[in-house]
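J.: Before we start, here is the structure in question, set down as structure tokens.
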């Protein structure tokens, strides 16, 4: 008998990608059942690359889910542990629940300072579902528009994670002078910043890919990149999923929470002793501003020295 499992993770790209090991554990434990993921519909191209979900239920934040979602055999809260996310799932009247300990919910207590991938895997393990936090790979999508390029991604969702464009440009300029093809990515709204990085870094105009890489294309670009340089944002988690070498700058949130897995060609840079720690601040966190372009170039060169040049 096929039953329906509804999983709530209605957040952003990076939030989805840290939950992939948990989603894969659910798929492995109940291969015969239908797994429905309630998340932002814009993430559909990446959800399909996880090969863990039968259906995406588009939703925004913690909005009430449609009536058609009611009555799942199992509801899994991978969104949080607060009353709002639990209430969204309780309204569906599921037969069984997996979540953290809360009124009406059995489970392990929420531990604030815990790596996000580990958090959700330990939650499932506490409910008898084995999960491997390193099981985060994605299927590779279409061909990259710039195979073997060094990708510089200067954008981030919040100003607290912004590293100055002039510093990204300084890094891009050095890597380009060393003979690497450098491209600059971002959303359509970030295209002016990407263009500034390219201009200051003496890169050709066609190196600006910001606004021209929908999610599936961005995933393909990162999957076949030689190196990624970025702040702690969703694109960094794509590099972890594809084991693409990356230099990732951390600001308000430490790398131990949202950083790369323990194994893999990734280097996390931050001045932890300067951290202010407000992820929603209107200005960059001192921990990310404390990282000098020279340190980023040095980290990039170390990773590039270990990575063979791309061969078509």
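J.: Restricting attention to region 146-157, report how many residues are modelled with pLDDT of 95 or more and surrounded by fewer than 19 Cβ atoms within 10 Å (Cβ to Cβ).
T.: Summing the residues that are modelled with pLDDT of 95 or more and surrounded by fewer than 19 Cβ atoms within 10 Å (Cβ to Cβ) in region 146-157 gives 2.
J.: Which residue is nearest to residue 241 (Cα to Cα), if the candidates are limited to region 31-43 and must be touching a residue at least 40 places away in the same chain (Cβ under 8 Å) and surrounded by fewer than 19 Cβ atoms within 10 Å (Cβ to Cβ)?
T.: 42
Listed here are the residues, each with its yes/no results for (1) outside any helix (DSSP H, G or I); (2) assigned by TED's automatic domain parsing to the domain that holds residue 275.
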site: 117; (1), (2): no, no
site: 134; (1), (2): yes, no
site: 140; (1), (2): yes, no
site: 144; (1), (2): yes, no
site: 160; (1), (2): no, yes
site: 167; (1), (2): no, yes
site: 206; (1), (2): no, yes
site: 217; (1), (2): no, yes
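J.: Just to be sure before I move on: is residue 174 modelled with pLDDT of 95 or more and crowded, with 20+ Cβ neighbours inside 10 Å in the structure I sent?
T.: Answer is no for this residue.
J.: List pairs: first in region 47-68 and on the phi > 0 side of the Ramachandran plot, second loosely packed, with under 15 Cβ neighbours inside 10 Å, Cβ under 8 Å, 6+ apart or cross-chain?
T.: Short answer, once both residue conditions are applied: 51/139.
J.: Moving on. Considering only residues that are surrounded by 21 or more Cβ atoms within 10 Å (Cβ to Cβ) and over 23 Å from residue 33 (Cα atoms), which ones fall in region 74-84? Lay out the reasoning, then the answer.
T.: Start the filter on region 74-84 by keeping residues that are surrounded by 21 or more Cβ atoms within 10 Å (Cβ to Cβ), which leaves 75-79.
The answer is none; no residue qualifies.
J.: Of the numbered conditions (1) farther than 23 Å from residue 269 by Cβ; (2) assigned to a helix (DSSP H, G or I); (3) assigned by TED's automatic domain parsing to the domain that holds residue 251, residue 122 fails exactly one; give the number of that condition.
T.: Going through the list (1) farther than 23 Å from residue 269 by Cβ; (2) assigned to a helix (DSSP H, G or I); (3) assigned by TED's automatic domain parsing to the domain that holds residue 251, residue 122 breaks only (3).
The values are calculated or read from the model by the stated rules, or taken from the named source; none is laboratory data. These figures come from a predicted structure and were not determined experimentally. Don't worry about glycine lacking a Cβ; one is built from the backbone with ideal geometry, like all the others, and counts go over all protein chains shown.
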